[in-house]
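The next block holds one structure in the form of structure tokens; read it before the comments.
The values are calculated or read from the model by the stated rules, or taken from the named source; none is laboratory data. Because the structure is a prediction, the values reported are computed rather than measured. With ideal geometry, Cβ positions are generated from the backbone for all residues, glycine too; neighbour counts draw on all protein chains shown. Side chains are part of the model used for accessible areas, which takes the heavy atoms of the whole protein and leaves out ligands, DNA and RNA. Shrake-Rupley method; radii C 1.70, N 1.55, O 1.52, S 1.80 Å.
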Amino acid sequence: MIGSRQVSAIGLGAMPMSTAGHMPDEAQSIRTIHAALDAGIRLIDTADAYTPSHTDVGHNERLVAKALASWGGDADSVLVSTKGGHVRTPSGGWARDSRPEYLFQACDRSLKALGVESIGLYFHHRPDPEVPYEVAVGAIKDLVQAGKVQAAGISNANPEQMRVALEILGDDLVAVQNEFSPRFRTSEPEIDVADEIDIAFLSWSPLGGMGSASDLGSDHAAFGEIAAAHGVSPQQVCLAWQLARSPRIVPIPGASRPESILDSVQAVDLELTDEELGRLNSGK
Ligand SMILES: NC(=O)c1ccc[n+]([C@@H]2O[C@H](COP(=O)([O-])OP(=O)(O)OC[C@H]3O[C@@H](n4cnc5c(N)ncnc54)[C@H](OP(=O)(O)O)[C@@H]3O)[C@@H](O)[C@H]2O)c1
């Protein structure tokens, strides 16, 4: 469950489908999203800032909306999460803007890009050093109260910020989205706080990110060896390891090919022994 919604144990991260230098053509992206939905995935993660160029803000949101509209299943059963608070620079970089007036404008633009009257789950994308955190989160609360957002999330937040957000958002806070993977394990404290305050923890770049995901089994030998023993991919082992860490973890592996997400989704059925989990936890 994420808030009042039943979602799949694994979500689809849509970012690779709008990343310059990586993105496939639109037909392949739509096939990838349809493959995920047909396989039972009911959470798609996007953001206004997932775009190949700063001139095309909302590219990924529009792609997700187009794929949902052309899917044969029940689109209302799918939770689409999006985010506001990052802006893309002309050089392809990422800047931050958490001023309430900007977040309100960004949310309106996301509503339009997604073609909905309210957003199922809206994340504050990343703390902005220029704006007090409680002011940024207060803007998200305003969006919930205005009915533009059904449930709220925070991303790239530390334990203290999670508690500030809980204080402001109360039951409207349903998720935190932070990086967590074999190569980035320092989110353990945030996973513990998510467990304590009973919100979902969406792990971003759960396979190590677009540039490293394919090397997971060689970069992290334990994952490769345990995968070989089970006859599955190291990526499946990685996702199963995360699912076993906490019932609140919802990994959102990115994909730009149907094959990737169809392999990843099988992690839901992969059971690892305590011994294997101990080895993966120790990283050796
Ligand atoms: N909140 C934040 O600040 C933040 C930051 C970064 C990302 N995110 C979210 O997290 C999502 C995931 O992160 P990510 O996309 O950066 O990295 P990732 O999920 O660690 O890796 C994505 C790459 O893994 C490959 N892949 C996926 N499943 C695979 C499998 N079973 N076997 C082999 N390769 C596989 C995909 O390849 P193909 O492309 O070839 O299919 C994809 O390019 C993003 O899409 C985005 O929604 C959020």
Problem set entry | Candidates Val176, Val87, Val131: whichever shows maximal mean-square fluctuation once the chain is modelled as a Gaussian network with Cα springs under 10 Å | Val131
Seminar exercise, completed: Here P(r) for region 166-284, Cα-Cα distances in 5 Å bins, as whole percents, is 2, 12, 23, 24, 20, 10, 6, 3, 1, 0
Exercise. What's the tally of Lys pairs in the chain whose alpha-carbon atoms lie under 30 angstrom apart, where the two lysines are 8 or more places apart or on different chains?
Worked result: 9
Seminar exercise, completed: Under a Gaussian network model of the chain whose springs join Cα atoms within less than 10 Å, the largest fluctuation of Ile33, Ile197, Ile44 belongs to Ile197
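To the nearest 500 deg cm²/dmol, what mean residue ellipticity at 222 nm is calculated for the chain from DSSP H runs of n ≥ 4 alone, each contributing -39,500 (n - 2.57), summed and divided by the residues?
When only DSSP H runs of four or more count, the value is -12000 deg cm²/dmol.
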Exercise. Helix 133-145 versus the longest principal axis of the chain: what is the Cα-based angle in degrees, 0 to 90, to the nearest 10?
Worked result: 80 degrees
Exercise. For region 38-128, which whole percent of the accessible surface, found with a 1.4 angstrom probe, sits on carbon and sulfur atoms?
Worked result: 50 percent
Problem set entry | Residues of the chain: accessible area per residue with a 1.4 Å probe, Å² | 42 Å²
For this session: Set the Förster distance to 22 Å, then compute FRET efficiency between Asp76 and Glu117 from the Cβ-Cβ distance, nearest 0.05.
Result: 0.95
For this session: Using the Karplus curve 6.51 cos²θ - 1.76 cosθ + 1.60 with θ = phi - 60°, work out ³J(HN,Hα) for each residue of region 90-103 in order, rounded to whole Hz, and write x for Gly and Pro.
Result: x, 7, x, x, 10, 10, 10, 8, 10, 5, x, 4, 6, 4
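With +1 assigned to the C-beta of every Lys and Arg and -1 to the C-beta of every Asp and Glu, and no other charges, what is the dipole magnitude of region 52-101 about the Cα centre in debye, to the nearest 20? Don't skip to the answer; put the middle values down first.
Working: 6 positive and 6 negative charges, 44 e Å.
It comes to approximately 220 debye.
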Exercise. Can you run phi through the Karplus equation (6.51, -1.76, 1.60; θ = phi - 60°) for region 151-165 and list ³J(HN,Hα) in whole Hz, with x for Gly and Pro?
Worked result: 8, 10, x, 10, 9, 6, 9, 8, x, 5, 5, 4, 6, 4, 5
Exercise. Contour minus end-to-end for Arg257 and His230, with contour as 0.36 nm per residue of separation and end-to-end as the Cα-Cα distance?
Worked result: 7.4 nm
Exercise. What is the ratio of the Cα radius of gyration of region 1-113 to 2.2 N^0.38 Å, where N is its residue count, to two decimals?
Worked result: 1.07
For this session: Filter the GluC sites (Glu not before Pro) in region 129-180 to those in DSSP coil with at most 16 other Cβ atoms within 10 Å of their Cβ, and list the result.
Result: Glu130
